[in-house]
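Values in this text are rule-based calculations from the coordinates and carry no lab data. Predicted model only: the values in this text are computed from it and were never measured. As a convention, Cβ positions derive from the backbone with ideal geometry for all residues, glycine included, and neighbour counts pool all protein chains shown.
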Amino acid sequence: MSVRLDGVFGPVVSTFKRDSGDIDSAAFTENVKAHIAAGLLGVVVCGSTGEAALLSESERTELLEAARRATPPDRMVFMGTGAESTRLTIRRCHEAQTIGADAVLVVAPHYYSNAMSVDALRAHYLAVAEKSPLPVLLYNIPKYMHFKLAPELVAELARHPNIIGIKDSSGDLDLLKSYIASQSDSFTVLTGNGGQLHPALMAGARGGILAVALFAAERSVAIFGAHSKGDHATADSLQAEMKPLAVTIVAELGVPGVKAAMDAAGLRGGVVRSPLLDLDAEARARVAALMSGLSAVAA
């Protein structure tokens, strides 16, 4: 099956048991099924919202296996395989293929950020693209990487047959547009910023991988659908209501905020893993207020 990128994906949270802190596979599976039922084109396992940096290799495998079982064949499962070494990134890509992922999302190595020159990043991504048995999506998230992928480098990498797109979570529309300049039939640009979904689509992005879609899936899908139909007034109206959720819950409060919003939406957010801290009562009240203020999305 070919990999589809024209839609909205959810970078699923990793669910943990409150008492032991172990993976809660039942809660995770429940969430994935709910995301798919709400209209998401697919899910991304072990991304930033999935607390990937806090997971063991066996936990990553467990989550991907659960996601693949819960996701129908006509929907996508992407796996975050980025690691600090090229060697481990490639190994993770092979493991993801064995379990049944459709593509991999690869954040740039960033611990040695000062050493991540264009030459170093080019060599890394080309090695991964050459040896990965799955199609590769680049992942630009300056908030955590502390640098951005240069548009010129992205333009070069976009020509590799096994690099099929990029997720840009910078929130910088001008940077996003510079990536869109490299878009082609074989290379797709996705936004990672839910507060800018419609502006990104208007600029030429073909979809999004959005944390806000984990607790506002119908609204995210409706924005994409309205845009696809040329109904930009409706898309703008829906976007205006969704933007505060993305700005406050996702960007400001982070993973704990996303999990609290999922709890408020009747899904299984639950606790975060240390050293992250769950929201205090005041912050949870802010999340609840934002969630309760949402209007229903017309079917």
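For segment 43-58, 3J(HN,Hα) computed residue by residue from phi via the Karplus equation (6.51, -1.76, 1.60; θ = phi - 60°) reads 10, 10, 9, 6, x, 4, 5, x, 6, 4, 5, 9, 9, 7, 5, 5 Hz, glycine and proline entered as x. Return the lysines within reach of residue 259: Cα separation strictly under 21 angstrom, same-chain partners fewer than 8 residues apart disregarded; answer none if there are no such residues. Leaving aside lysines fewer than 8 places away in the same chain, those within reach of residue 259 are 17, 33, 143, 243. May I ask for log10 I(q)/I(0) of segment 243-299 at q = 0.16, 0.18, 0.29 Å⁻¹, from a Debye sum over the Cα atoms as equal point scatterers with solvent left out? Ignoring solvent entirely, the Cα scatterers give -0.45, -0.56, -1.28. Shape analysis of segment 171-241 yields a ratio of the Cα radius of gyration to the Kirkwood radius, Rg/Rh, of 0.95. By the rule of a C-alpha distance below 13 Å, with chain neighbours fewer than 8 residues away ignored, the aspartates and glutamates paired with residue 167 are 6. Potential lengthening of the chain between residue 3 and residue 160 amounts to 54.9 nm, from the contour at 0.36 nm per residue minus the alpha-carbon distance. Mind checking which aspartates and glutamates have their Cα closer than 19 Å to the Cα of residue 131? Skip sequence neighbours fewer than 8 apart in that chain. Partners within reach: 84, 95, 102, 119, 156. Between segment 229-245 and segment 28-70, the C-alpha centres lie 27 angstrom from each other.
Please check the chain for the longest run free of trypsin sites (Lys or Arg not before Pro) that are loop-located per DSSP (anything but H, G, I, E, B) and have at most 11 other Cβ atoms within 10 Å. The segment 19-158 is the longest one with no such site. Quick check: from the Cα gyration tensor, does segment 8-229 come out rounded (a/c under 1.5), prolate or oblate? Verdict is oblate for segment 8-229.
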